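The values are calculated or read from the model by the stated rules, or taken from the named source; none is laboratory data. On a predicted model such as this, the values are computed, not experimentally measured, just so you know. Glycine also receives a Cβ, built like all others from the backbone with ideal geometry; neighbour counts cover every protein chain displayed.
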């Protein structure tokens, strides 16, 4: 006869936990099991905080009490006391800042969804690896929990001052009233005083215009943003006016990478390398006057005559190109080599291409939010150009930049 396997928790401890209580109630909501789960989770969170304060994140930092957070478990809702630090740099691994579900099977499903897998692909993956049969509808229920996280994330407070904010957009196909339509998803990427990057928000809109941009800017202001030093945009009509209407001191700069990309859209494949090399004289000019002269020379040259739309596209947004030339090279490189936003867009486009089109706006927002959330966790260091650019920002913007460090 097989011997009874020893329990992982000694009987003496179980007897102590159950002392004076009806064992039947242990499995009830708010009963012993929920109490244990709460106690263990809070113990783990406090251990994470101790580790955080003992590492690089602890320099000049200390505990700052607790915040209450309600998470969803298989048995219902559970209220946790989450430790806080004074620098607000603590992001626990057990339950992330914007995570609302207790780590479990659901978190694995959401992780697969964030990697671009469709509901049916997740079903097949779970069946193949774990021998678990679930329906696509259940996957939808699990991932729909992310919508509450999106609402919380989209309304969270922001920094008072951002030295740099990149605004960019990509197109996604979404089924709407029986038709598949192209809609624009707009992403705002902010760079803080310390060079750290942060996704400020995510907006989906079919019809872009001045009213939409003004609403986005007012939303950022209502969430605590008081000033943007440089806003880098992709040449969308009405956007610069909306920015300066809410943040009148902001310098609006057209993204040079987008200008180049749009210029090369007019060019045959065999000519692209030569045209791109010629346009370097324009965006690498020493100042605005030299840049305009170089653009005039390009328009009068062979490539400008062969592709006149290129010169016209630069002239159309020239007033938002000119600020670029007032900045030193260190700041120019930071604005021009928008590696963070380009890398981010690459991940978003890859996830969108894998889906083809989305059944609803919410389905698109769920996936894009999860991709952004995963990407943000990978940003551990400021851009290489930031340390030199930071000194230039302090000279160019003086008190406005110093307020970002306060």
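Annotations
- When residue 312 is tested against (1) in a helix (DSSP H, G or I); (2) over 21 Å from residue 240 (Cβ atoms), only condition (2) is not met.
- Contact map, the range 34-56: first residue surrounded by 17 or more Cβ atoms within 10 Å (Cβ to Cβ), second residue modelled with pLDDT under 75 and assigned to a helix (DSSP H, G or I), Cβ cut-off under 6 Å, separation 6 or more or different chains; the map is empty.
- For the criterion of being in a helix (DSSP H, G or I), surrounded by fewer than 16 Cβ atoms within 10 Å (Cβ to Cβ) and modelled with pLDDT under 80, residue 148 passes.
- Members of the range 242-257 that are in contact (Cβ under 8 Å) with a residue 40 or more places away in the chain and surrounded by 14 or more Cβ atoms within 10 Å (Cβ to Cβ): 251, 252, 253, 254, 255, 256, 257
- Going through (1) under 20 Å from the mean Cα position of the chain (by Cα); (2) over 25 Å from residue 285 (Cβ atoms); (3) surrounded by 19 or more Cβ atoms within 10 Å (Cβ to Cβ); (4) modelled with pLDDT of 80 or more one by one, residue 344 falls short only on (4).
One line per residue, one yes/no per condition, for (1) at positive phi; (2) loosely packed, with under 15 Cβ neighbours inside 10 Å; (3) within 20 Å of the chain's Cα centre (by Cα):
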residue	(1), (2), (3)
191	no, no, yes
199	no, no, yes
202	no, no, yes
214	no, no, no
222	no, yes, yes
240	no, no, no
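- Test: residue in the range 392-405 that is in the same structural domain as residue 164 (by TED's automatic domain parsing), closer than 16 Å to residue 168 by Cβ, touching a residue at least 24 places away in the same chain (Cβ under 8 Å) and touching a strand residue (DSSP E or B) at 6+ places or on another chain (Cβ under 6 Å): no
- Leading residue by the ranking (modelled with the highest pLDDT) among those in the range 73-97 that are in a loop (DSSP other than H, G, I, E, B) and crowded, with 16+ Cβ neighbours inside 10 Å: 90
- Selection within the range 347-365 - buried (at least 16 other Cβ atoms within 10 Å of the Cβ) and in contact with a strand residue (DSSP E or B) (Cβ under 9 Å, 6 or more places away or on another chain): 348, 352, 355, 358, 361, 363, 364, 365
- Residue 287, sole failed condition from (1) under 29 Å from residue 241 (Cβ atoms); (2) modelled with pLDDT of 90 or more: (2)
- Which numbered condition residue 263 fails, given (1) closer than 30 Å to residue 394 by Cα; (2) surrounded by 19 or more Cβ atoms within 10 Å (Cβ to Cβ): (1)
- Those residues of the range 264-281 which are in contact (Cβ under 8 Å) with a residue 24 or more places away in the chain, over 23 Å from residue 327 (Cα atoms) and part of a helix (DSSP H, G or I), in sequence order: 271, 274, 275
- Residue in the range 314-331 that is touching a residue at least 12 places away in the same chain (Cβ under 8 Å) and within 24 Å of the chain's Cα centre (by Cα) present: yes
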